[in-house]
Structure formats: structure tokens, C-alpha cells
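Novice: Let me give you the structure first, and then I'll get to my questions.
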Amino acid sequence: MKDYIEKNRERFLQELFDLLRIPSVSADSKYKNDVIKTANFIKDKLLTAGADKAEICETAGHPVVYAEKILDKKLPTVLVYGHYDVQPPDPLELWNSPPFEPVIKDDRIYARGACDDKGQMYMHIKALETMLKHNALKCNIKFLIEGEEEIGSDNLDKFLVVNKEKLKADVVLISDTGLFSNEYPSITVGLRGLSYIEVEVIGPKRDLHSGMYGGAVANPVNILCEMIASLKDKNNKITIPGFYDDVAELTKEERAEMSEVPFDLEEYKKSLDIEEVHGEAGYNTLERVSIRPTLDLNGIWGGYTGEGAKTVLPSKAFAKLSMRLVPNQSSKKITELFKKHFESIAPKSVKVKVKPHHGGEPALTPTDSVAYKAASKAFEEAWGKTPIPMREGGSIPIVNLFKKELGLNTVLMGFGLDEDAIHSPNESFRVFNYFKGIETITLFYKYYGKLNNGDLEKDLHS
Ligand code: BES
Ligand code: MN
Ligand code: MN
């Protein structure tokens with residue numbers, strides 16, 4: 001199968017390029033037709049790869065692509081999840097080449113979605129093609145590829161609930177996360193949850209002359225800054241009462257095990273061009289981005305931000321902020337705690353509005369499952385190393401719902417790297433990882449098939 005992947009290298013790349021050229025930005029309605037075009041593209045490619053059936057399923061938002069290859073109802077079924085939507089490409093001026101005109105430079109594919117998640121999702125379609133060409137598939141596969149992941153998967157929850165029968169499977173397989181590095185491959189075993197909130201601070205009924213009124217009337221921008229600054233103490237602990245109540249603390253042993261990962265802090269700082277890291281006292285960098293919750297502003301605005309100066313005391317100020325959550329915090333509860341606290345700290349001189357956006361629950365995935373062992377064996381064979389089980393900081397809210405609604409565990413077999421700069425200008429994906437990923441996925445099925453026949457236990461102990 002390696003030969004087949006190698007022989008079809010150019011075509012596998014060109015097809016991904018065609019996919020990357022369609023600007024499927026889910027957040028912006030101006031791209032609605034491109035989103036639909038992308039769904040159709042995926043559907044067609046699933047059919048040519050050999051799926052028995054592929055269909056576009058309408059939702060209240062962007063469509064879901066569903067496909068299946070059923071060999072025998074008695075065999076186990078893997079449900080592959082991915083997303084074909086991408087983040088907005090802004091700020092455009094920071095891209096070295098246009099975001100929807102993929103190019104290869106230094107063995108990297110540059111384009112919005114190259115890694116997150118078009119590149120990683122498409123690997124599964126090419127793995128399917130490869131396995132079917134070699135009669136190597138030994139289980140059933142279902143595909144669930146959505147178009148709203150980057151805006152909170154609002155309509156996918158319902159889709160899962162309504163289509164329980166259709167989505168029946170034994171395990172979920174997702175490539176939408178990262179590797180620790182290509183030298184030390186990893187399998188993601190935990191994701192953080194999310195509460196995303198927008199706040200508005202309202203002062204006087206109109207913008208005021210900052211000389212005539214300044215000093216006597218609350219300035220909403222000043223007040224918003226003070227309120228936000230008070231949300232963390234000098235140790236960078238979040239001050240919202242009850243915020244940490246449900247946080248599952250790791251044992252000393254678990255933390256010691258985590259710190260065995262060959263993480264290079266100097267390299268990390270250098271890669272970001274920062275002099276020093278910053279975060280919650282008592283935890284190291286890897287812990288801060290995986291096992292600890294956070295609160296960060298994503299944007300803040302108000303008043304005059306155009307060219308030159310304008311002496312104005314603005315009437316309103318706004319901010320968007322996100323809190324990353326860890327087991328066993330609940331997004332709904334944290335959002336409520338935030339709202340209550342934020343309203344309580346507002347001085348009488350202003351009014352505040354707290355508007356919750358989307359959220360998602362954190363997830364942990366087991367390492368003792370058949371599918372995890374198969375993924376681990378696949379990495380061993382393709383990368384020559386046993387992958388490190390690692391928790392990551394990003395969120396894929398649907399993972400929790402797969403468990404809750406369908407009773408399914410997930411294996412997070414991602415192939416991205418930090419330097420891929422997902423969500424940033426100049427997002428990229430290593431050509432090496434694209435092809436190695438396809439190979440690793442085919443090996444996952446090889447071991448998953450074997451293991452279900454009881455062979456893997458022998459393998460694992462030989
Ligand atoms: N693929 C990412 C999630 C991710 C990135 C997990 C890196 C692990 C490592 C996904 O597309 C994403 O960006 N998710 C959003 C959440 C969503 C609710 C908007 C996120 O994490 O901000
Ligand atoms: Mn993603
Ligand atoms: Mn993303």
C-alpha cells in the first residue's frame with residue numbers, strides 16, 4: 001500500500017489542492033455557496049474512493065456529508081469524523097501567498113485549512129481509496145464530515161441525536177489534532193472544553209467630549225479594562241468564585257509522567273519570539289496548555305480607533321473572551337458563574353450585558369481500548385516509535401457528544417504540528433505529514449482488523 005501511496009503522490013496532492021482552493025469559511029455567510037461546493041466535492045471524492053454511498057445531509061446550518069463502506073454488518077465499524085469548513089483567513093495582508101491558492105514551499109503546503117482540517121480529513125479519504133484498491137479493509141467505515149466545526153457545531157448535536165441508527169459504530173476516529181513532534185509522535189487523549197462569551201459595557205447614552213465630561217462620567221473602555229484585569233490575581237489564578245470547584249487535579253505521579261515528555265522551553269520561546277512565558281503559578285507550560293483552565297480575551301474594542309486622534313469618551317466598550325475548560329468543568333456552569341460574577345463587579349455608573357456564544361465540554365479518551373492499541377501499533381510501524389499519550393489544549397466539542405449521545409469512544413490520531421499555525425495567517429501542513437498520515441491511517445485499520453480477530457493480543461505480547 002505504501003507503493004500505491006507513493007505512485008499516486010502527485011494526484012493525492014493535486015486533489016487536496018483542489019479542495020483547498022474552495023474557500024469554505026463557515027463563519028461568513030458570503031461564502032455560503034463555497035461551503036456547499038466543498039460538501040459536494042467531498043461527497044464526490046468519497047464515491048470515487050469507493051464508498052458504497054455518500055450523501056449531503058441538510059441541517060439548519062451548513063450541510064453534513066455522510067458516507068459509508070459496509071463490508072459486512074457483522075464486522076466492527078469505524079466512524080470517521082472531520083470538518084471541511086475553515087477559519088476566516090484574516091488578516092489577509094499577513095499572508096505570504098493568497099490563503100485559497102495553495103502552494104508548496106520547503107516541503108509545506110500553505111493554505112487556509114491545509115492542516116485544520118481539510119488536509120487531515122482528506123487523508124482518510126485517500127486511505128480509504130488505498131485500502132479498497134488492495135482489498136485490505138477488514139471492517140466497515142462510516143464518514144461524518146461537517147461544515148460547522150469552526151463555529152461551534154451547533155447543528156451537529158441534533159444530527160447525532162436524530163441519526164443514531166445511521167451513525168451506529170464501534171469507535172470514532174478523528175484526525176484534527178497535533179503531534180508532539182515528528183521525532184516524538186503522540187496520540188491525543190484529552191481535549192479542553194470551551195465557554196465563549198461576549199460582553200458589552202454601556203456608559204452615557206452618547207459619545208462625549210473627553211474634555212467637557214472626562215473625569216466626571218464613567219468611561220466604559222476604562223471600566224471594561226478594570227473589570228477584565230480583576231478576573232485574574234497576581235498568580236494568574238482566575239478570580240471568578242467557584243471557577244476551580246470542579247477541576248480534576250492530577251496526582252503527583254500523573255504530573256511527573258507528563259513532564260517526561262521532551263519539551264524544550266527555550267525552543268518554544270524562540271518559536272514564538274517571546275522572552276518569557278506567562279501563566280498560572282505552580283504549573284509548567286505543558287500543564288498550562290492542557291490540564292489547566294484559562295481565561296483569555298480574543299478581542300476588545302470601543303471608542304475611536306481610526307487614524308489620528310479624536311478626543312472622545314466612548315459610550316460603549318466590548319470584548320470577546322474565551323475560557324478553556326478541563327475535566328470535570330461544565331461549559332454551561334462556567335458560563336453562568338462568569339455572567340453572575342461579571343455583572344456583580346460592574347460599578348453602578350455603567351450597565352453590562354453578557355452574551356454567551358457557543359461552548360463545548362472537555363473530553364478524555366481511553367488508552368486501554370482496542371482502537372487506541374491499534375492506533376499505537378500503527379504509529380510504531382509507520383514512525384518507528386511508540387506514540388506518547390498526551391492531552392491537548394484545543395477543543396473539539398463533538399467528542400464529548402459522541403460519548404454522551406452514541407456511547408462511542410474516540411481515538412484522536414492527529415498529524416498537525418505547532419508550526420502549522422492553524423487559525424493564523426500562513427497556515428501550512430507538512431507534505432511529509434500528509435503522506436505519513438495516510439500510511440498511518442491504513443495501518444490503523446490493519447491492526448484494528450487484526451485485533452478484532454484476537455490477533456493483536458498475540459502481537460502485543462510477542
Ligand atoms: N482542530 C481544532 C481543535 C484542536 C486544535 C485540537 C489543536 C487540538 C489541537 C478545531 O478545529 C478548533 O479550532 N476548535 C475550536 C473550537 C470550536 C468550538 C470553535 C477551538 O479549539 O478553538
Ligand atoms: Mn479542526
Ligand atoms: Mn480549527
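Novice: Give the range 198-223 a look and list any residue that's of a type outside the set (Gly, Ala, Ser) and over 30 Å from residue 335 (Cβ atoms), or say none. Step through it out loud before you land on a result.
Specialist: At the first step, the residues of the range 198-223 found to be of a type outside the set (Gly, Ala, Ser) are 198-202, 204-209, 212-213, 217, 219-223.
Within the range 198-223, 206, 207, 208, 209, 212, 213, 217 qualify.
Novice: Follow-up question, since we're still on this one. Residue pairs, Cβ under 8 Å, 6 or more apart or interchain, first in the range 157-171 and in contact (Cβ under 8 Å) with a residue 60 or more places away in the chain, second open to solvent by 70 Å² or more (accessible area, probe 1.4 Å) and small (Gly, Ala, Ser). List them.
Specialist: These pairs meet every condition: 158/60.
Novice: Which helices (runs of 4 or more DSSP H) sit wholly inside the range 1-83 and have at least 2 residues that are hydroxyl-bearing (Ser, Thr, Tyr)?
Specialist: Helices (runs of 4 or more DSSP H) meeting the threshold: 32-49.
Novice: Whether any residue in the range 241-252 is part of a helix (DSSP H, G or I), surrounded by fewer than 20 Cβ atoms within 10 Å (Cβ to Cβ) and more than 16 Å from ligand 1 (Cβ to nearest atom) is what I want to check. Lay out the reasoning, then the answer.
Specialist: Restricting attention to the range 241-252, the residues satisfying the condition of being part of a helix (DSSP H, G or I) are 252.
With surrounded by fewer than 20 Cβ atoms within 10 Å (Cβ to Cβ) added as a condition, the list becomes 252.
Keeping just the survivors that are more than 16 Å from ligand 1 (Cβ to nearest atom) gives 252.
Among the residues of the range 241-252, at least one is part of a helix (DSSP H, G or I), surrounded by fewer than 20 Cβ atoms within 10 Å (Cβ to Cβ) and more than 16 Å from ligand 1 (Cβ to nearest atom), which makes the answer yes.
Novice: Right, another one. Any residue in the range 319-327 that is touching a residue at least 40 places away in the same chain (Cβ under 8 Å), open to solvent by 20 Å² or more (accessible area, probe 1.4 Å) and assigned to a strand (DSSP E or B)? Talk me through it step by step, then tell me what you get.
Specialist: Taking the range 319-327 as the starting set, the residues that turn out to be touching a residue at least 40 places away in the same chain (Cβ under 8 Å) are 319-327.
Okay, now just the ones that are also open to solvent by 20 Å² or more (accessible area, probe 1.4 Å), so 320, 324.
Restricting the remaining residues to those that are assigned to a strand (DSSP E or B) gives 320, 324.
The answer is yes, given that some residue of the range 319-327 is touching a residue at least 40 places away in the same chain (Cβ under 8 Å), open to solvent by 20 Å² or more (accessible area, probe 1.4 Å) and assigned to a strand (DSSP E or B).
Novice: Moving to a separate point now. Of all residues being among the hydroxyl-bearing types (Ser, Thr, Tyr) and within 22 Å of residue 111 (Cα to Cα) in the range 1-27, which is surrounded by the fewest Cβ atoms within 10 Å (Cβ to Cβ)? Just the residue, please. If you could, list the steps in order and put the result at the bottom.
Specialist: Our first condition is that a residue be among the hydroxyl-bearing types (Ser, Thr, Tyr); within the range 1-27, this holds for 4, 24, 26.
Subsequent filtering for residues that are within 22 Å of residue 111 (Cα to Cα) retains 24, 26.
Values: 24: 28, 26: 25.
Among those that are among the hydroxyl-bearing types (Ser, Thr, Tyr) and within 22 Å of residue 111 (Cα to Cα), it is 26.
Novice: Residues to consider are 338, 318, 342; find the one that is of a type in the set (Phe, Trp, Tyr) and more than 29 Å from residue 391 (Cβ to Cβ).
Specialist: Details: 338 fails: more than 29 Å from residue 391 (Cβ to Cβ); 342 fails: more than 29 Å from residue 391 (Cβ to Cβ).
So the residue among 338, 318, 342 that is of a type in the set (Phe, Trp, Tyr) and more than 29 Å from residue 391 (Cβ to Cβ) is 318.
Novice: Moving on to the next point. So which residues in the range 146-178 are within 16 Å of ligand 1 (Cβ to nearest atom), among the aliphatic types (A, V, I, L, M) and open to solvent by less than 10 Å² (accessible area, probe 1.4 Å)?
Specialist: Across the range 146-178, the qualifying residues are 156, 160, 172, 173, 174.
Novice: Residues of the range 121-138 being farther than 14 Å from residue 50 by Cβ and either surrounded by fewer than 22 Cβ atoms within 10 Å (Cβ to Cβ) or in contact with a helix residue (DSSP H, G or I) (Cβ under 7 Å, 6 or more places away or on another chain) (or both), which ones?
Specialist: Residues of the range 121-138 farther than 14 Å from residue 50 by Cβ: 121-123, 138.
Within the range 121-138, 122, 123, 138 qualify.
Novice: Which of the numbered conditions does residue 330 fail, given that it passes all the others? Conditions: (1) within 25 Å of the chain's Cα centre (by Cα); (2) of a type in the set (S, T, N, Q); (3) open to solvent by less than 30 Å² (accessible area, probe 1.4 Å).
Specialist: Of (1) within 25 Å of the chain's Cα centre (by Cα); (2) of a type in the set (S, T, N, Q); (3) open to solvent by less than 30 Å² (accessible area, probe 1.4 Å), only one is false for residue 330: (3).
Novice: Can you tell me which of (1) open to solvent by less than 10 Å² (accessible area, probe 1.4 Å); (2) modelled with pLDDT under 95 is the one residue 358 doesn't meet?
Specialist: (1)
Okay, residues lined up against (1) in contact with a Lys or Arg (Cβ under 9 Å, 6 or more places away or on another chain); (2) away from ligand 3 (no atom under 16 Å from the Cβ):
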| site | (1), (2) |
| --- | --- |
| 384 | no, yes |
| 405 | yes, yes |
| 412 | no, no |
| 421 | no, no |
| 426 | no, no |
| 439 | yes, yes |
| 451 | yes, yes |
| 454 | no, yes |
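Novice: Let me ask something additional. Collect the residues in the range 422-436 that are assigned to a loop (DSSP other than H, G, I, E, B) and open to solvent by less than 30 Å² (accessible area, probe 1.4 Å), keeping them in residue-number order.
Specialist: 427
Novice: Something else: If you go through the range 277-314 one residue at a time, how many are out of contact with any helix residue (DSSP H, G or I) (no Cβ under 7 Å at 6 or more places or on another chain) and in a loop (DSSP other than H, G, I, E, B)?
Specialist: 18
Novice: While we're looking at this one, here's another question. Starting from the range 393-409, keep only residues that are without any contact (Cβ under 8 Å) to a residue 40 or more places away in the chain, then list their pairs with residues that are within 16 Å of ligand 3 (Cβ to nearest atom) and part of a loop (DSSP other than H, G, I, E, B) whose Cβ atoms are within a distance under 7 Å, requiring at least 6 positions of separation or different chains.
Specialist: none
Novice: Oh, and also: Where residues in the range 389-421 are part of a helix (DSSP H, G or I) and closer than 17 Å to residue 107 by Cα, which of them is farthest from ligand 1 (Cβ to nearest atom)?
Specialist: 419
Novice: Please determine whether any residue of the range 289-312 is within 16 Å of ligand 1 (Cβ to nearest atom), of a type in the set (Asp, Glu) and open to solvent by less than 90 Å² (accessible area, probe 1.4 Å). Step through it out loud before you land on a result.
Specialist: Keep residues of the range 289-312 that are within 16 Å of ligand 1 (Cβ to nearest atom), which gives 289-299.
Next, only the ones that are of a type in the set (Asp, Glu) stay: 296.
Retained after the next criterion (residues that are open to solvent by less than 90 Å² (accessible area, probe 1.4 Å)): 296.
Taking every residue of the range 289-312 in turn, at least one turns out to be within 16 Å of ligand 1 (Cβ to nearest atom), of a type in the set (Asp, Glu) and open to solvent by less than 90 Å² (accessible area, probe 1.4 Å).
Novice: In the range 340-355, which residues are crowded, with 17+ Cβ neighbours inside 10 Å and assigned to a helix (DSSP H, G or I)? Outline the logic, then answer.
Specialist: Start the filter on the range 340-355 by keeping residues that are crowded, with 17+ Cβ neighbours inside 10 Å, which leaves 341-342, 346, 350, 352, 354.
Of everything in the range 340-355, those that are crowded, with 17+ Cβ neighbours inside 10 Å and assigned to a helix (DSSP H, G or I) turn out to be 341, 342.
Novice: Residue 297 passes all but one of (1) modelled with pLDDT under 95; (2) within 28 Å of residue 337 (Cβ to Cβ); which number fails?
Specialist: Unmet for residue 297, out of (1) modelled with pLDDT under 95; (2) within 28 Å of residue 337 (Cβ to Cβ): (1).
Novice: Would you confirm, using the coordinates I've provided, whether residue 195 is open to solvent by 20 Å² or more (accessible area, probe 1.4 Å), in contact (Cβ under 8 Å) with a residue 24 or more places away in the chain and of a type in the set (Ser, Thr, Tyr)? So that I can check it myself, show each step before the final result.
Specialist: Values: open to solvent by 20 Å² or more (accessible area, probe 1.4 Å): no; in contact (Cβ under 8 Å) with a residue 24 or more places away in the chain: yes; of a type in the set (Ser, Thr, Tyr): yes.
Considered against the rule, which asks whether it is open to solvent by 20 Å² or more (accessible area, probe 1.4 Å), in contact (Cβ under 8 Å) with a residue 24 or more places away in the chain and of a type in the set (Ser, Thr, Tyr), residue 195 comes out as no.
Novice: When you scan the range 28-65, how many residues do you find that are within 20 Å of residue 162 (Cα to Cα), open to solvent by 20 Å² or more (accessible area, probe 1.4 Å) and of a type in the set (Val, Ile, Thr)?
Specialist: 2
Novice: May I pose another question? Within the set of pairs 6+ apart or on separate chains, which have a first residue in the range 73-102 that is of a type in the set (Phe, Trp, Tyr), a second that is in a loop (DSSP other than H, G, I, E, B) and at pLDDT 95 or above, and C-beta atoms under 6 Å apart?
Specialist: Close Cβ pairs satisfying both conditions: 84/24; 84/147; 95/425; 95/426; 100/21; 100/23.
The values are calculated or read from the model by the stated rules, or taken from the named source; none is laboratory data. Not measured: the values here are computed from a predicted model. Heads up, the Cβs are rebuilt from the backbone with ideal geometry, glycines too, and the neighbour counts pull from every protein chain shown. Remember, those area values only see protein heavy atoms, side chains included, never the ligands or the DNA or RNA. Shrake-Rupley method; radii C 1.70, N 1.55, O 1.52, S 1.80 Å.
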